[in-house]
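Take a look at the structure set out below.
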Amino acid sequence: MRCTLDSIFKVGFGVELNCLEGSNKEGSAFMKAFDESNALTYGRYVDPIWELKRYFSIGSEAALKKNIKVIDDFVNQLIKNKRNLLAQNQDCHVKEDILSRFLMESQKDPEQMNDKYLRDIILNFMIAGKDTSANTLSWFFYMLCKNPLIQEKIAQEVRDFVGDKNIKYTVNDFIENITDAALDQMHYLHAALTETLRLYPVVPINGRCADIDDTLPDGFKVKKGDGVYYISYAMGRMPHLWGEDAEEFRPERWLVNGIFQPESPFKFIAFHGGLRICLGKDFAYRQMKILSIALLRFFQFKLADDTKKVTYRTMFTLHINGELPVCAVSRAAS
Ligand code: HEM
């Protein structure tokens, strides 16, 4: 989570948060407040008196208020710093991150795109981009531990496509050698990540509200205001969609002659589909691939306790319940 948060901050807002190293105190406090707010907000679903608590500002609602203040202060400072930076560098390349682009746009419509609006954009990208890739990677490594042959196939693909087999790289040098061309060639890794998302879609349930009276493709009629939900978790495991081996983790189902074959987003629904399909899909694959490549090149992973039952925790996103201790065994450099 700390790594994906660092990454979304760098790409999204041009800021080195350094949560993974823990060297940025404000960054770590912000991350803690963000995660706690997430859990406290989710708690409202099961707390019948949360509004009363909010009214009197007590218990979980008092804690939430405190955390929101930490988040707001941090994000408002970030926007202020960025504005100053943009004012100083009107014509240089500061447009490279998403926040800078929104700030440039906000000059055209400052009333609508005010600081509150920009704060919400930042938080939206964080919510969309932090826990999603991080949780998918946790499930991915869980699957690789449960399926060591698949783990070795990916490690072999890494050796085949990244860097020079005859060079003994340091970790940093090796990561420098991960090119876009190599990422594109790694069909088996792409398939294994996709297979993970089929079985463990990080947004396990999703829905929409009908704007107008409508008819679904199967003829079912919905009225304006009706909620329509789909359960991606169940859809990814339906034998009539994926075959009798739907419950099996089998990256090969996505490959024909070693080449990845995408499915319709309305069947493989992990990123949603249609006009509001995930905007960060390509970014997420890239980020997850780079991290997996770096880890699998240098380590082999095993579950610390193979007998432990691993299940999910009910949250907005599909978390592993509790921790997933793994042993990382160094691979002999070759
Ligand atoms: C494995 C990783 C990810 C998965 C499975 C995923 C899945 C999804 C899903 C299901 C939605 C639709 C939500 C809804 O409207 O109900 C969505 C929307 C979105 N995602 Fe992702 N996401 C991932 C990573 C990311 C990343 C890394 C970013 C940002 C860099 C991102 C940015 C967004 C944005 C901005 C939206 C809103 C799009 C819109 O409403 O037009 N996502 N994502």
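The values are calculated or read from the model by the stated rules, or taken from the named source; none is laboratory data. All figures in this text were calculated on a predicted structure; none of them were measured in a lab. Cβ coordinates were reconstructed from backbone atoms using ideal geometry, including for glycine residues, and neighbour counts include every protein chain displayed.
Here is a yes/no grid of residues against (1) in contact (Cβ under 8 Å) with a residue 60 or more places away in the chain; (2) of a type in the set (D, E, K, R); (3) surrounded by fewer than 20 Cβ atoms within 10 Å (Cβ to Cβ):
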{"residue": "ALA134", "(1), (2), (3)": "yes, no, no"}
{"residue": "TYR142", "(1), (2), (3)": "yes, no, yes"}
{"residue": "ARG159", "(1), (2), (3)": "yes, yes, yes"}
{"residue": "ASN166", "(1), (2), (3)": "no, no, yes"}
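Restricting to the range 211-229, count the residues that are surrounded by 13 or more Cβ atoms within 10 Å (Cβ to Cβ) and either away from the ligand (no atom under 14 Å from the Cβ) or within 30 Å of ALA155 (Cβ to Cβ) (or both).
The total comes to 2.
Show me the helices (runs of 4 or more DSSP H) entirely contained within the range 72-178 in which 2 or more residues are within 15 Å of the ligand (Cβ to nearest atom) and closer than 17 Å to MET288 by Cβ.
Qualifying helices (runs of 4 or more DSSP H): 115-129, 131-146.
Kindly indicate the residue of the range 43-71 that is in a helix (DSSP H, G or I) and among the small types (Gly, Ala, Ser) and also nearest to the chain's Cα centre (by Cα) among those meeting that condition.
The residue in question is GLY43.
Report, ordered by the first and then the second residue, all pairs with beta carbons closer than 8 Å, sequence separation of six or more or different chains, a first member in the range 200-212 that is over 20 Å from ARG250 (Cα atoms) and of a type in the set (A, V, I, L, M), and a second member that is outside any loop (DSSP other than H, G, I, E, B) and within 8 Å of the ligand (Cβ to nearest atom).
Taking only residues 6 or more apart or on different chains, the pairs are VAL203/THR132; VAL203/SER232; ILE205/SER232.
Can you find a residue that is touching a His at 6+ places or on another chain (Cβ under 9 Å) and under 30 Å from ARG44 (Cα atoms) anywhere in the range 136-146?
yes
What residue, of ASP47, ASP97, is of a type in the set (D, E, K, R) and closer than 16 Å to LEU123 by Cα?
Every option except ASP97 fails the conditions.
Looking at ASN38, ASN67, ASN89, ASN76, can you tell me which residue is surrounded by fewer than 14 Cβ atoms within 10 Å (Cβ to Cβ) and within 30 Å of VAL11 (Cβ to Cβ)?
The unique qualifying residue is ASN89.
Of everything in the range 250-261 that's surrounded by fewer than 19 Cβ atoms within 10 Å (Cβ to Cβ), within 25 Å of ASN206 (Cβ to Cβ) and not basic (Lys, Arg), which residue is farthest from the ligand (Cβ to nearest atom)?
In this case the residue turns out to be GLN261.
Six or more apart or on different chains, Cβ atoms under 8 Å: show the pairs whose first residue is in the range 71-84 and over 11 Å from LEU123 (Cβ atoms) and free of Cβ contacts under 8 Å to residues at least 40 places away in the same chain and whose second is among the hydrophobic types (A, V, I, L, M, F, W, C) and assigned to a helix (DSSP H, G or I).
ARG83/LEU103
In the range 195-210, how many residues are of a type outside the set (A, V, I, L, M), surrounded by 22 or more Cβ atoms within 10 Å (Cβ to Cβ) and near the ligand (Cβ under 10 Å from one of its atoms)?
Here the count works out to 3.
Given the options SER232, SER292, SER264, name the one that is farther than 30 Å from THR215 by Cα, within 16 Å of the ligand (Cβ to nearest atom) and either in contact with a helix residue (DSSP H, G or I) (Cβ under 6 Å, 6 or more places away or on another chain) or modelled with pLDDT of 95 or more (or both).
SER292
Could you tell me whether the range 10-17 includes any residue that is farther than 18 Å from GLY129 by Cβ, more than 14 Å from the ligand (Cβ to nearest atom) and either more than 15 Å from the chain's Cα centre (by Cα) or not in a helix (DSSP H, G or I) (or both)?
Within the range 10-17, none of the residues are farther than 18 Å from GLY129 by Cβ, more than 14 Å from the ligand (Cβ to nearest atom) and either more than 15 Å from the chain's Cα centre (by Cα) or not in a helix (DSSP H, G or I) (or both).
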